[in-house]
Amino acid sequence: MTYNTTQADFFTIVRERHSVKHFDESHKLAEHEIMELLEIANNAPSSWNLQHWKFLTITDQAAKDKLLPIAYGQNQVIQATIVIAILGDLEANLNAEAVYRPAVQAGLLPENIKSNLITQIANAYNNVPTIPRDEAIRNASLAAMQLMLAAKAKGLDSCPMGGYDADKFVEAFNVPSRYIPVMLVAIGKAAVSAHPSNRFPVEQTIIWNGF
């Protein structure tokens, strides 16, 4: 997949990305542009490379209308060009064979190392009750952040949204039990510029070498 030139250097992108509440409803994205954004998000870091995410991509007006009451009437879901529901995979351990097999076939990963990794993953998922949910949320959140930075690099704006009824979302969009809603990300062109929110001084957030 080819990439268009980014519109700013990385540090400018990071500093200028702010959550937008009002989007230009006339703005459109072609399917290949959406796919490009999601392909970049798909390259986010991933524990064991299990890729614990699915991107439920909402583009149709009818789907947005269905989402609006689930998102407590937040107009971003109607105004934004697309809304990506970031889903975490509670059974990402089942991806292990498909993830590692190509590396073995390419001679990049010894078979015994692959077997050890799969055993390690199985032990973690079977014996640590918090692992499936924690890893699903942690890794899907990394993909969400990468998606928002990619959008900003393409001259777009975004808004991560945690204010929605997850149970109703699952029901309305027929989300399989394997997946857990992590957040919604609205993406489009800002109709009203976002204003930066205050942050604590970095000195206040750093703990050096332990409490």
Item to check | Positions within region 33-70 being surrounded by 18 or more Cβ atoms within 10 Å (Cβ to Cβ) and small (Gly, Ala, Ser), in sequence order | outcome: Ala41, Ala44, Ser46
Checklist entry - Would you call Lys189 in contact with a strand residue (DSSP E or B) (Cβ under 9 Å, 6 or more places away or on another chain) and of a type in the set (Lys, Arg)? => result yes
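Determine which member of the set Ser115, Ser197 is surrounded by fewer than 19 Cβ atoms within 10 Å (Cβ to Cβ), over 16 Å from Trp53 (Cα atoms) and within 23 Å of the chain's Cα centre (by Cα). Give the steps one after another, and end with the answer.
Details: Ser115 fails: within 23 Å of the chain's Cα centre (by Cα).
Ser197 is the lone residue from the list that is surrounded by fewer than 19 Cβ atoms within 10 Å (Cβ to Cβ), over 16 Å from Trp53 (Cα atoms) and within 23 Å of the chain's Cα centre (by Cα).
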Checklist outcome for this item: Among (1) over 25 Å from Val99 (Cα atoms); (2) not in a loop (DSSP other than H, G, I, E, B); (3) not basic (Lys, Arg), Leu29 falls short only on (2)
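Residues are listed down the side, and each one gets a yes or a no for (1) touching a residue at least 40 places away in the same chain (Cβ under 8 Å); (2) within 13 Å of the chain's Cα centre (by Cα):
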| position | (1), (2) |
| --- | --- |
| Phe23 | yes, no |
| Ser46 | yes, yes |
| Gln51 | yes, yes |
| Leu56 | yes, yes |
| Thr59 | no, no |
| Leu68 | no, no |
Checklist outcome for this item: Filtering region 121-135 for residues that are touching a helix residue (DSSP H, G or I) at 6+ places or on another chain (Cβ under 8 Å), surrounded by fewer than 21 Cβ atoms within 10 Å (Cβ to Cβ) and touching a residue at least 40 places away in the same chain (Cβ under 8 Å) leaves a count of 0
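Please state which one of Ala166, Ala172, Ala150 is modelled with pLDDT of 95 or more, out of contact with any strand residue (DSSP E or B) (no Cβ under 7 Å at 6 or more places or on another chain) and within 12 Å of Ala85 (Cβ to Cβ).
Ala172
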Item to check | Cβ pairs under 8 Å, 6+ apart, first in region 156-185 and touching a residue at least 12 places away in the same chain (Cβ under 8 Å) and more than 20 Å from His18 (Cβ to Cβ), second assigned to a helix (DSSP H, G or I) and basic (Lys, Arg) | outcome: Ala172/Lys66; Phe173/Lys66; Ile180/Arg133
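Would you say Leu109 is more than 30 Å from Glu36 (Cα to Cα), out of contact with any Ser or Thr (no Cβ under 8 Å at 6 or more places or on another chain) and of a type outside the set (Lys, Arg)?
On the way: more than 30 Å from Glu36 (Cα to Cα): no; out of contact with any Ser or Thr (no Cβ under 8 Å at 6 or more places or on another chain): yes; of a type outside the set (Lys, Arg): yes.
Judged against the criteria, Leu109 is not a match.
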Checklist entry - Of (1) surrounded by fewer than 18 Cβ atoms within 10 Å (Cβ to Cβ); (2) modelled with pLDDT of 95 or more; (3) touching an Asp or Glu at 6+ places or on another chain (Cβ under 6 Å), Arg138 satisfies all except one. Which? => result (3)
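The values are calculated or read from the model by the stated rules, or taken from the named source; none is laboratory data. Just so we're clear, the structure is a prediction, and the values are computed from it rather than from any experiment. Reconstructed Cβ throughout: ideal geometry from the backbone, glycine too, with neighbour counts over all protein chains shown.
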